[in-house]
Each structure stands twice: as structure tokens, then as C-alpha cells.
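To keep things clear, I will list the structure first and then write my remarks on it.
The values are calculated or read from the model by the stated rules, or taken from the named source; none is laboratory data. Source: prediction; values computed, not measured. Cβ coordinates were reconstructed from backbone atoms using ideal geometry, including for glycine residues, and neighbour counts include every protein chain displayed. Ligands, DNA and RNA are excluded from the accessible area calculation, which covers all protein heavy atoms including side chains. Shrake-Rupley method; radii C 1.70, N 1.55, O 1.52, S 1.80 Å.
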Amino acid sequence: MDDLEVTQALLDFIQGCPSMFHTVSSLRERLDREDFTYLPEGARWQVEPGGSYYTTRNGSSLVAFKVGQQLDHYHFQLAAAHTDSPTFKVKDVSELEGPGSYLRLNVEGYGGMLDSTWFDRPLSVAGRVLVSEDGRVSSRLLDVQKPVLLIPSLAIHFNRQANSGFAYNHQVDLCPLFSAGTLQKGDFDRMLADELGVDADQILGKDLYLVNRQAPAIWGWSDEFMSTPKLDDLQCVFAATEAFLAADNPHDVSVLACFDNEEVGSGTKQGADSTLMPDVLSRLNQALGKDPEDLRCAVAKSFMVSCDNAHAQHPNHPEKTDQENLAHLNGGIVIKETASQRYTTDAFSRATFRALCQEEGVPCQSFANRSDERGGSTLGNILNAQVSLHGVDVGLPQLAMHSAYETGGTHDTALGIRALRRFYQTDVLVDEADSVSFE
């Protein structure tokens, strides 16, 4: 595929992933088509050299791995991304009556979203609903594929300071409008029930999030831009998955990890700060007939690429970025580093990844925050607290991170896939922190 075809495939993937639960479901469908074997966490695992496997936790995180046929250099090569994006979560008691005949939804912020970008857009809800049926409680995916909500702005006539900066109150300003009088209290759950084909009283719980229904777009006179909801971090999920499936490495265990809850700190049972990754690695190690000492040796020789999108220099605010360590759209994959160690990158991991990119012939950019600004963080170092291994933080460049509608370049996804595919298909042989060789 050419770069535009890859970009369109990314946008199609994102449209099919309105929540973290849908993202994992989509990944599972893809892995099933590729003949991966599902390993439930609650069952004993059988793993063999040459096999391909995956497991999930909470329906919102997934770890897949391919076991090399030879394993003469037993180690792990891992790429990690996250399935969640900043949005608003619907509260259990979902409806707010009034004023007058209005019916609104009661929501709270999930992650650090740009509040202003959520106004005056067609919205819906997606996630999972727990339903009582036939003597058991089961989880159902829900995606209301119709605009049913909108957060209306307050007219400038009532807020003359709106263009001078305004602090939005999530409890007051960001409640989505559901009805102006046609619908009544209880109709939100009845809508969910109709979508699921059940009765409203069968709904016992729900994890639902607001979804921006504005369609993704490739734009620009030369088709150099693309904009979509949830670019952070589904672009990296897509690129890492495509690279993982396209590569073949008979000497290692190649791992793809997609974690939930990065946007809220990763401190959940399914987040990067959970036991998910050490559980997976120890169980597959044992299933291969190896002992705990084998696992420790393998981890010490392993390498991780933490994939979470990076800030491109803003066209109207170039002063916000370090003028020497900055990224541009369509400039290729970005290596991120900070002296505060909020990223995993150090000289060793940077050199390793940069060498792989040079071998592949793909451009590699550097990003560091201005020294007088505090930057963000991601899942790499959090995961490293659970499984300590050499790692580099990378991302694909974008604008308007954490907006309801983010923008990237149409060449970067394909470049990211090439870089990550080279990582997966190369046998990366780590010797402590002294040297690394490639076979």
C-alpha cells in the first residue's frame, strides 16, 4: 500500500474503535484471522516454539506474542501502546433533569482533554454494558452509531470573556444535551437497551464514554494531513500491530502490548502498572519449560519500544518547542527524551533504535521539552517498574494532542510501521548496557 492507503486504513481502524473495549475487540478479530491462539488468563497455558498467542484483561488491554522457532537467543522484543484516549465518562446515574424540559447527561472527565474542543460537535456514546440474562451477567459492546448528544456553547452574548480565556467547569459547562423535551427520564437507559436488544431493567452496569462522531478526513491540497478523533494513541496501536504481524523473527519472543488507562495513570488491574506484563512473561516462560532464572536472564537481554504519540511543532506557536529538539509532521518517527526520566530513553536505547531506523532507511526525529516547561509522561517507565528492561520512548508527530479532533501527517504512519517492523524482525542482542548487535 502507498502512504495514503495506509493512512486510510488507519482512519478506518480508528472509526471501528470508539472505546478501549472496541479497540481490543478489533485487535482480537485481526489476530484471530492471523491464526493466533487465544489464551484466557483463567486457563492453563500451552505454548510452543513457532506459535502465536494472545491474552486479554478486562476486555480493554491485550498482550500478543509470537514465539520463535529456534529461540537460540531467548529474549523479548516488545512494543507497547495504549488503547484509551481522553474523553468524558458517563456516570452510573446518567441523566440530569432540567432546567425546564431539558434532559442532559451526567459525565466526568477521563484524562486531560482539551475541554473547548468538545463543544458543538455531534457526539454519541460507546463502551461496554453489563446485562443480566439467563441467570448470568454478561458484557456487551455498545456503539451508538448516531449523533444523539451535543455540548452547546454558551453564546458570546452571555459570556463576553469567552475569547479571552475561560475556565470550564465540568459539572456545569460540559454536560451533553440529550433532549429538549421529547425524551423523559429513563430514556437514556431505554436507548441503550434498544441498541442491545434487551430490557432496560436488565442493565446492571456500564462503562460508557462520549464519542466524537465527526468523521476522520484526509485533507490539504496535496493530501498531506489527516485529522481524526483518538489519534493519540490509536495511531501507535495501529502501527505497532501492523509491524508486529508483518515481521518474522525466529530467534526471540516478539511481544505486542496494548494497555488501557494510560491517560489516567495506568494504576489499574489492566494498566501498564499492573501485573499484566510480568504475568504474561512468567506464564509463557513456564509453559516453554523454562525456570525463573531463565526468565530473569531473558528480560535482562530484552528491549522495549514504548509507543505514544509526540508533539509536532505548532505552526502558530513555534516558541513552545525547543528549537533544536523538535518534530515536524511527515518527518518520521520521533524519539522522546527528558532529563526528569519521565521517558525511558537514554543514550543506549536511543542509539539502538536510531541504528535500526538507519538500517531501514527511515527518518528519525528527536523531541525534548523546553527546559522551562514540564512535559508529559507515558507508559514506558511505568511498565519498567513491573518488568525492568532497556527501553526507548517513541511516537508519531501530531498537532492538537488531547483534542477531540487531532491532526497528523499522511506519511508518518507508514514510516512508523517500517521502523517498528525493522525492530521486530531484527534480532536485537543486548549485552548489559555496554553494547548491542543486530542479526
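Assorted remarks:
- Reported count of residues in the range 120-136, each being farther than 16 Å from residue 215 by Cα and open to solvent by less than 60 Å² (accessible area, probe 1.4 Å), is 7.
- Scanning the range 391-414 for residues that are under 13 Å from residue 308 (Cα atoms) and either open to solvent by 10 Å² or more (accessible area, probe 1.4 Å) or at pLDDT below 90 (or both) yields 401, 402.
- The listed residues are 366, 388, 371, 377, and the only one of them that is closer than 20 Å to residue 302 by Cα and surrounded by fewer than 22 Cβ atoms within 10 Å (Cβ to Cβ) turns out to be 388.
- Only one entry of 164, 139 meets the criterion of being surrounded by fewer than 18 Cβ atoms within 10 Å (Cβ to Cβ), of a type outside the set (Asp, Glu) and at pLDDT below 95, and that entry is 164.
- All positions within the range 6-44 that are in a helix (DSSP H, G or I) and in contact with a helix residue (DSSP H, G or I) (Cβ under 9 Å, 6 or more places away or on another chain): 6, 7, 9, 10, 13, 14, 23, 26, 27, 30, 31
- Odd one out for residue 86, checked against (1) under 17 Å from the mean Cα position of the chain (by Cα); (2) open to solvent by 50 Å² or more (accessible area, probe 1.4 Å): (2)
- Residues located in the range 302-321, provided they are modelled with pLDDT under 95 and either part of a strand (DSSP E or B) or surrounded by 15 or more Cβ atoms within 10 Å (Cβ to Cβ) (or both): 321
- Among the residues making up the range 342-351, a single one is more than 21 Å from the chain's Cα centre (by Cα) and either part of a loop (DSSP other than H, G, I, E, B) or acidic (Asp, Glu) (or both): 346.
- The range 94-119 residues that are without any contact (Cβ under 8 Å) to a residue 60 or more places away in the chain, paired with ones that are open to solvent by 20 Å² or more (accessible area, probe 1.4 Å) (beta carbon under 6 Å, 6 or more apart): 115/168; 119/153
- Residue match in the range 59-67 (condition: out of contact with any helix residue (DSSP H, G or I) (no Cβ under 8 Å at 6 or more places or on another chain) and more than 30 Å from residue 437 (Cα to Cα)): no
- Enumeration of residues in the range 384-439 that are of a type in the set (A, V, I, L, M, F, W, C) and over 22 Å from residue 247 (Cα atoms): 385, 387, 399, 400, 401, 404, 433
- Checking each residue in the range 415-436 for being open to solvent by 60 Å² or more (accessible area, probe 1.4 Å) and in a helix (DSSP H, G or I) picks out 418, 421, 425.
- Qualifying residues in the range 352-372 (those that are assigned to a helix (DSSP H, G or I) and free of Cβ contacts under 8 Å to residues at least 40 places away in the same chain) - the one farthest from residue 322 (Cα to Cα): 358
- Residue ID - nearest to the chain's Cα centre (by Cα), chosen from residues in the range 239-267 that are of a type in the set (Val, Ile, Thr) and surrounded by 19 or more Cβ atoms within 10 Å (Cβ to Cβ): 241
- If the condition is being without any contact (Cβ under 8 Å) to a residue 12 or more places away in the chain and either among the β-branched types (Val, Ile, Thr) or at positive phi (or both), then the range 269-323 contributes only 289.
- Of all residues in the range 14-56, those satisfying the criterion of being out of contact with any Cys (no Cβ under 8 Å at 6 or more places or on another chain), of a type in the set (A, V, I, L, M) and either closer than 21 Å to residue 274 by Cα or open to solvent by 30 Å² or more (accessible area, probe 1.4 Å) (or both) are 20, 39, 43.
- For the range 45-65, a residue qualifies if it is among the polar types (S, T, N, Q) and assigned to a loop (DSSP other than H, G, I, E, B), and the qualifying residues are 46, 58, 60.
- Restricting attention to the range 167-183 and to residues that are modelled with pLDDT under 95 and open to solvent by 70 Å² or more (accessible area, probe 1.4 Å), the residue that is farthest from residue 136 (Cα to Cα) turns out to be 167.
- Any hit, the range 195-208, residues being polar (S, T, N, Q) and either outside any helix (DSSP H, G or I) or under 25 Å from residue 119 (Cβ atoms) (or both): no
- The number of residues in the range 184-195 that are surrounded by fewer than 14 Cβ atoms within 10 Å (Cβ to Cβ) and touching a residue at least 12 places away in the same chain (Cβ under 8 Å) comes to 3.
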